[in-house]
Amino acid sequence: MTEDILREDRDGIIVLTLNRPAKRNAMTIAMRQVIFDAVDDLRDNDALKVLLLKSNSAFFTAGIDIVEHGKYFPPTRSMQEFRRDYRRNLHRFFDEMENVEKPVVMAINGPCLGLGTEMAGAVDFRLASTAARFGLPEVDLGMIAGSGGTSRLVRLCGVGWAKWLGMAGEQIDAATAFSAGLVQAVWSPEEFEEKTWAFCQRLAGKPSDAVGVAKLAIDLCKDLDRAGGRTVERIANTPLALRDNSALIAKRLSTGGNNKS
């Protein structure tokens, strides 16, 4: 375990905290491995319900550690080697995060650039403080955002915002990110931690199998036409609806239908 990222498991929630403030939380290979291992644990351990990624510093992350990256992955590689390394070290990293059948949450309390914005596209919920901002500076380095910053951002935010971020290299603040569909909630720094934790606790308290099926169905439906989407809903919901949900219904009625903590 590297001290650059801290892990704590509590109340069924894996809490990963980026803890490299001197380098603006630029993500190293070791930091990414801790996240990758946590996703594996989330998938395989029934007692773990949610993964929360947050930061100890005013900078959520400046992106990938480009100094370390250049050391281990030199530009002298062949095109085939480059594609192979990209798939192994970055694409698979985010694909696993996207595919795990449990919620992954990012709590973004400051600038979130490059690989951080690309990671935001792979998680389920992006919560931002008003101090957050987002950007994809890869174009200024003569490249494109190639680890989901192009393919995932265009699906989340549409062509216009994907071009604003990934083609023009412009940054957006939290309010703009909310209107663009990149984040789902924006709170003040004073209430950010409390509201983030309450949200994660509510997620952890929901039936895990229904949450997992909802994630799979939603991700599948986004690429289907309306008729195909309705078919997915019927197939996915049949075993859930026909089981005995009486305890869940009674619990819901006893709280007056209020899902807020």
Approximate shape of segment 5-204 as ellipsoid semi-axes (Cα gyration tensor, √5λ), whole Å, largest first: 25, 21, 16
Orientation-averaged projected area, Cα convex hull of segment 116-189 (nm²): 4.3
Contact order relative to length of segment 66-173, as percent, for alpha carbon pairs under 8 angstrom and 6 or more apart: 23
Residues whose placed amide H lies under 5 Å from that of I5, excluding near-sequence neighbours: N19
Mean residue ellipticity (222 nm) of the chain, computed from DSSP H runs ≥ 4 via -39,500 (n - 2.57), nearest 500: -15000 deg cm²/dmol
Added length on full extension, which subtracts the Cα-Cα distance from 0.36 nm per residue, L253 to A30: 75.6 nm
Computed magnitude of the charge dipole of the chain (debye, nearest 20; Cβ of K, R +1, Cβ of D, E -1): 520
FRET efficiency, 1/(1 + (r/R0)^6) with R0 45 Å, evaluated for E191 and N245 via beta carbons: 0.85
Among beta bridges that DSSP assigns inside the chain, antiparallel share in %, nearest 5: 30
Ascending count of other beta-carbon atoms within 10 Å, so fewest first, for D223, D95: D223, D95
Relative contact order computed over the chain (Cα-Cα under 8 Å; 6+ residues apart), in percent: 16
Residues E8 and K222, FRET efficiency given R0 of 35 Å [Cβ-Cβ distance, rounded to 0.05]: 0.60
Inter-label distance, nm, simple model (7 Å from Cα along the C-beta direction), T76/R202: 5.5
Cα-based shape type of segment 23-96, given that a ≥ b ≥ c are square roots of the gyration tensor eigenvalues and the cut on a/c is 1.5: oblate
Length-normalised contact order of segment 164-261 in % [C-alpha pairs under 8 Å, at least 6 apart]: 19
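Only the coordinates and a few stated rules stand behind these numbers; no lab work does. All values reported here derive from a predicted model rather than from experimental measurement. Cβ sites come from the backbone with ideal geometry, for glycine too, and all protein chains shown count toward neighbours.
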